[in-house]
Amino acid sequence: MAFHPLLPRAYVISELNPTITTYSVDPKTGTLTSQLSTFNLTPTTTPSHPAEIAVADTGKYIYASIRGEDTFLTIALSRSGVPESVVTRYKLNGSWPRHFKVTGKSQGKDLVMVALQNSGSVEAVEVDNKGGVKSVGGVPQGVEGVQAVAGFIHLFIPFSVLL
């Protein structure tokens, strides 16, 4: 689940049914008050299993990782905070993106570390202000406990070291 930074909206990504469901949130209680929409993530027949979801701090995009098709998505949000369209479906350089973390910004671009569980690697990607995604580095393959590695990178290694 992820929350919009500016609007009373919550987003739930479904692992078994590749969708994002948008809810209204009561700002006083934090209660999900009504379902606003359901957005399909995978127009293909490839078996896919969404894993992680986050909202850009600008409130313009949702980020999502999809296992099976091994992609990182940017999804445009309407002014009312409802998903409109997939802007970028970026094919990652590894398998089974279990978790990702937005680690900061560089020149107005979000820096994201994506843990690739089956590859034992972490890929660093940047997302520009139009939702475009590109790889900017990573950790070598074969690393044990890749989610711990993603946390380690976030906490201890300046992102510029990976560039």
Next item on the list: Tally up the carbon and sulfur contribution to the accessible surface of the stretch 1-90 as a whole percent, 1.4 Å probe, everything protein left in place.
Entry: 52 percent
Check: At a Förster radius of 35 Å, what calculated FRET efficiency corresponds to the Cβ-Cβ distance of Ser95 and Leu6, to the nearest 0.05?
Finding: 0.50
Next item on the list: Report the extension gain between Asp57 and Val102 in nm, rounded to one decimal, defined as 0.36 nm multiplied by the number of residues separating them, less their alpha carbon distance.
Entry: 15.2 nm
Check: So what does Thr38 come to for accessible area, using a 1.4 Å probe and Å² rounded to 10?
Finding: 80 Å²
Margin query: Can you give me the accessible area per residue for the stretch 17-80, using a 1.4 Å probe, in Å²?
Written below: 45 Å²
Notebook entry, point to check: In nm, what is the difference between 0.36 nm times the number of residues separating Ser14 and Asp128 and their Cα-Cα distance?
Noted result: 38.5 nm
Margin query: Starting from the 7 Å offset along Cα-to-Cβ, what nm value, one decimal, do you get for the label separation of Val82 and Thr46?
Written below: 2.8 nm
Next item on the list: Provide Rg over Rh for the stretch 1-47; use the alpha carbon set for both Rg and the Kirkwood Rh (inverse mean inverse pair distance).
Entry: 1.07
Checklist line | Listed residues Arg67, Arg79, Arg89 arranged by accessible area, highest first, probe 1.4 Å | finding: Arg79, Arg89, Arg67
Margin query: Given the whole protein assembly as supplied and a 1.4 Å probe, what does the accessible area of Val87 come to in Å², nearest 10?
Written below: 60 Å²
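The values are calculated or read from the model by the stated rules, or taken from the named source; none is laboratory data. Since the structure is predicted, the reported quantities are computational estimates derived from the model, not experimental observations. When we count neighbours, we look across all protein chains shown, and the Cβ atoms used for this are built from the backbone with ideal geometry, even at glycine. Only protein heavy atoms, including side chains, enter the accessible area calculation; ligands, DNA and RNA are left aside. Shrake-Rupley method; radii C 1.70, N 1.55, O 1.52, S 1.80 Å.
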